[in-house]
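The values are calculated or read from the model by the stated rules, or taken from the named source; none is laboratory data. The model shown is predicted, which means the values in this text are computed figures rather than measured ones. Every residue, glycine as well, gets a Cβ built from its backbone with ideal geometry; the counts of neighbours run over all protein chains shown. Note: areas computed on protein heavy atoms with side chains; ligands, DNA, RNA excluded. Shrake-Rupley method; radii C 1.70, N 1.55, O 1.52, S 1.80 Å.
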Amino acid sequence: MWLGVDVGSVSVDTVLINDKIEVFKSAYLLTAGMPIEAIKEGLRKSRDSVPVLGVGTTGSGRELAAVLTNADIVKNEITAHAIAAAHFVPDVRTVIEIGGQDSKIIILKDGIPVDFAMNTVCAAGTGSFLDHQAQRLGIPIEKFGQLALQSKSPARIAGRCTVFAESDMIHKQQLGYGIEDIIAGLCKSLVRNYLVNVAKGKPILPPIVFQGGVASNEGIRKALEEELGMKVFVPTYNKLMGAIGAAMLAKKVMKDKRKTSFRGFDICDMEFNTQSFICEDCPNTCEIVKISSNGKVLATWGSRCGKWDLSK
Amino acid sequence: MIKVSVPNMNVVPIVVKPVFEELGYEFIAPPKMSRKTIEEGAKYAPEFACFPLKAVLGDFILASRKGAEYLVIFGGTGPCRFGWYGSTLQIILKNLGIPAKVFVLDFPTEKWARDTFSILGINGSSVKKLIHSGLIALKKLRLIELAQELARKIRPFEVKIGESDKTLQKIYKIVDNENSFIRLMKMKNEIKLMFEGINKNSNHELIRIGLVGELYMCLQEELNMWTESKLGKLGAFVDRSAIGLWKYVTGDIGLNFAHRRAKRIAYPWLKWHAGGESIYSIGYSLIFERKGYDGVVHISPLGCMPEIVAQTIMEKCVNIPILNLVFDEHTGETGVNTRLEAFCDLLKLRKE
């Protein structure tokens with residue numbers, strides 16, 4: 001079994017896969033601002049008695065997850081997503097990934113990524129914004145997509161920026177538009193925003209794989225298909241693709257290594273303490289984070305000069 | 001004694017120090033660039049000014065707090081908005097109530113010559129002494145560029161990660177403190193030995209990346225989030241032959257043949273300077289492609305018109321992967337790390 005951990009801005013996904021890259025056990029949890037607890041809970045849910053042969057971590061919190069699990073490989077989410085997508089759809093040319101706070105596009109050729117782009121400064125059109133709007137409208141996020149599908153004539157919503165989108169939505173609500181038309185309009189504008197800001201002139205060729213948490217939203221998927229004029233494929237484990245990719249990378253890297261450095265599932269019950277402080281020794285004023293368990297410092301990071309780094 | 005300072009630009013403060021001291025000024029080195037410099041600069045610069053202007057302004061503010069009365073910067077007519085840096089900085093400093101005077105070093109024109117010689121007259125320095133200090137400065141620049149070149153070669157292979165960066169910092173200090181021309185002449189081998197002393201692990205595949213883009217952003221590692229060093233640590237050999245201080249000085253007066261060649265190669269795509277380093281970004285990217293490099297990293301500040309022109313043309317004419325990195329004072333380091341790592345992975349996977 002190979003373990004993959006994807007620590008994103010909004011969710012923590014853990015997955016156990018077997019040799020044939022079949023998902024054996026998995027967990028999808030909201031971080032809720034406490035990534036360490038979420039990672040522990042995720043591992044508890046995918047805990048199993050079969051031996052783990054390798055661990056890979058990915059996502060924006062990959063360093064943290066790597067320290068907690070003592071991972072064999074730490075990889076960025078772009079590579080992890082590309083590898084997982086190329087496994088499930090071998091001839092994939094475009095991977096569209098929209099997650100909690102970032103969105104990316106990966107262009108592949110013969111199963112190998114050749115180009116990629118990520119949203120730069122703007123988080124409009126990502127999961128967090130949809131979540132926020134669903135909450136504001138009092139709709140559970142799971143029903144968001146289905147409601148959008150019911151719309152006959154979507155409202156036009158400004159998608160340039162979440163703040164403008166929100167005020168535009170309020171305005172349209174006050175004009176008396178139906179809620180499903182507003183939601184469908186929002187989906188459309190978010191897709192346009194994605195295509196203009198992230199995909200920016202990249203050649204989008206079929207087959208297209210759409211993954212990440214937002215891919216569960218049928219409204220966005222439909223808007224994407226309409227805008228592109230092409231069929232979009234959403235894999236079964238769209239939310240777990242990053243974690244699956246990390247586990248696959250662990251499997252690959254363990255070919256050369258004999259024994260995994262995984263700490264074992266016991267870490268679910270271990271206590272981890274984080275401590276942060278600002279180093280005032282130079283004008284850089286780096287924020288240093290220290291992670292320790294049972295009084296033993298596991299890792300420190302954040303310093304530019306390397307003064308606080310533990311020697312490995 | 002009049003106190004003079006220059007902005008941080010890679011190793012410029014180290015290099016120009018002997019010249020200013022020879023001219024009879026007291027040289028005030030600006031504090032090493034840090035978060036504070038950038039914050040100071042961004043606070044007072046126009047929001048849509050280029051990132052380098054903000055950094056230079058930060059340097060000038062901090063240097064004037066250390067007592068600098070003359071702030072020297074290249075510029076004049078300049079290749080792009082850079083031509084306005086001198087006057088813009090002077091206005092901003094004046095509005096802040098800082099009495100320091102910005103002195104713009106321009107092309108060797110009649111006015112420039114008159115100004116320079118008038119300075120000579122005031123301080124009683126001779127042309128002979130000036131040439132001597134100029135040679136020292138040149139030697140220092142060549143030594144440091146050699147050290148940086150060696151660091152770029154060794155970084156992908158180092159066993160203990162970060163060792164060549166530490167060696168480089170040590171060399172900066174040694175070169176800065178050495179003012180004898182004869183001893184500087186002998187230092188070349190010493191530097192080579194220092195780098196040979198680093199433990200190397202030679203059995204892994206190397207990817208080769210060419211670095212192009214806006215000069216200041218490429219040279220000032222604090223602004224580009226240590227891109228060059230990070231790529232090295234990810235196992236890539238970074239070729240920075242497109243950009244360098246020596247190249248800049250010689251290229252600007254048409255004496256650098258590599259630069260001329262790059263211009264010639266870029267000619268079918270861009271026939272004339274579009275400002276800044278745009279024509280070199282295109283030319284060198286094409287050269288890197290011809291040399292069989294795996295990829296190109298293109299660095300520019302936010303809103304840099306010349307580099308945006310170059311970026312659009314590069315997308316059309318360069319057939320190896322290009323990573324465009326755009327920086328300003330808000331850029332997060334995590335995002336840059338993710339992109340660099342993913343880019344290196346992409347190049348490695350393509351090679352397999």
Per the filter on region A:227-252, residues out of contact with any helix residue (DSSP H, G or I) (no Cβ under 8 Å at 6 or more places or on another chain), surrounded by fewer than 17 Cβ atoms within 10 Å (Cβ to Cβ) and outside any loop (DSSP other than H, G, I, E, B) are A:K252
### Task
May I ask you to verify whether B:E214 is touching a Cys at 6+ places or on another chain (Cβ under 9 Å), closer than 28 Å to B:F27 by Cβ, open to solvent by 10 Å² or more (accessible area, probe 1.4 Å) and not aromatic (F, W, Y)?
yes
Subject >> Some residue of region A:85-101 being under 21 Å from A:P235 (Cα atoms), among the hydrophobic types (A, V, I, L, M, F, W, C), within 9 Å of chain B (Cβ to nearest Cβ) and open to solvent by 10 Å² or more (accessible area, probe 1.4 Å) >> reply: no
Turns out the strands (runs of 3 or more DSSP E) fully within region B:1-108 with at least 3 residues that are among the hydrophobic types (A, V, I, L, M, F, W, C) are B:70-74, B:101-105
Filter region B:326-341 for residues that are aliphatic (A, V, I, L, M) and more than 8 Å from chain A (Cβ to nearest Cβ); the one that is surrounded by the fewest Cβ atoms within 10 Å (Cβ to Cβ) is B:V336
When region B:31-53 is checked residue by residue, the ones that are aliphatic (A, V, I, L, M) and within 13 Å of chain A (Cβ to nearest Cβ) are B:M33, B:I38
Could you check, for region B:311-322, whether at least one of its residues is within 10 Å of chain A (Cβ to nearest Cβ), within 21 Å of B:F51 (Cα to Cα), open to solvent by less than 50 Å² (accessible area, probe 1.4 Å) and in a strand (DSSP E or B)? no
Scanning region A:258-276 residue by residue, those among the charged types (D, E, K, R) and open to solvent by less than 90 Å² (accessible area, probe 1.4 Å) turn out to be A:R263
The lone condition A:A148 fails out of (1) over 22 Å from A:D6 (Cβ atoms); (2) part of a loop (DSSP other than H, G, I, E, B) is (2)
Among (1) in contact with a Leu (Cβ under 8 Å, 6 or more places away or on another chain); (2) part of a helix (DSSP H, G or I); (3) free of Cβ contacts under 8 Å to residues at least 60 places away in the same chain, B:T250 falls short only on (1)
All-but-one check, A:F144 against (1) in contact (Cβ under 8 Å) with a residue 40 or more places away in the chain; (2) over 22 Å from the mean Cα position of the chain (by Cα), failing number (2)
Test A:T57 against the stated conditions and say whether it is open to solvent by less than 10 Å² (accessible area, probe 1.4 Å), within 14 Å of chain B (Cβ to nearest Cβ) and hydroxyl-bearing (S, T, Y).
yes
When A:Y194 is run through (1) surrounded by 19 or more Cβ atoms within 10 Å (Cβ to Cβ); (2) closer than 26 Å to A:I21 by Cα, the failure sits at (2)
Here the residues within region A:277-312 that are open to solvent by 90 Å² or more (accessible area, probe 1.4 Å) and hydroxyl-bearing (S, T, Y) are A:S311
**Message:** Can you say whether A:K239 is farther than 23 Å from A:N294 by Cα and without any contact (Cβ under 8 Å) to a residue 12 or more places away in the chain, as far as the supplied structure shows?
**Reply:** no
Every listed condition ((1) away from every other protein chain (no Cβ under 14 Å); (2) buried (at least 19 other Cβ atoms within 10 Å of the Cβ); (3) not in a helix (DSSP H, G or I)) holds for B:G283 save (3)
Picked from region A:103-112 (must be crowded, with 23+ Cβ neighbours inside 10 Å and out of contact with any His (no Cβ under 9 Å at 6 or more places or on another chain)), the residue nearest to the other protein chains (Cβ to nearest Cβ) is A:L108
When region A:74-84 is checked residue by residue, the ones that are within 12 Å of another protein chain (Cβ to nearest Cβ) and not hydroxyl-bearing (S, T, Y) are A:V74, A:K75, A:N76, A:E77, A:I78, A:A80, A:H81, A:A82, A:I83
Exactly one of B:K66, B:K54, B:K43, B:K36 is among the charged types (D, E, K, R) and farther than 13 Å from B:E329 by Cβ, and that one is B:K66
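Going by the conditions given, is B:I299 more than 30 Å from A:G61 (Cβ to Cβ) and either more than 10 Å from every other protein chain (Cβ to nearest Cβ) or in a loop (DSSP other than H, G, I, E, B) (or both)?
No: the conditions fail for B:I299.
For A:F116, are the conditions met, namely being facing chain B (nearest Cβ under 9 Å) and either more than 13 Å from the chain's Cα centre (by Cα) or modelled with pLDDT of 90 or more (or both)? Write out each step before concluding.
Working: facing chain B (nearest Cβ under 9 Å): yes; either more than 13 Å from the chain's Cα centre (by Cα) or modelled with pLDDT of 90 or more (or both): yes.
Considered against the rule, which asks whether it is facing chain B (nearest Cβ under 9 Å) and either more than 13 Å from the chain's Cα centre (by Cα) or modelled with pLDDT of 90 or more (or both), A:F116 comes out as yes.
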If we take region B:133-207, then helices (runs of 4 or more DSSP H) inside it with 1 or more residues that are open to solvent by 100 Å² or more (accessible area, probe 1.4 Å) and touching a residue at least 40 places away in the same chain (Cβ under 8 Å) are B:181-185
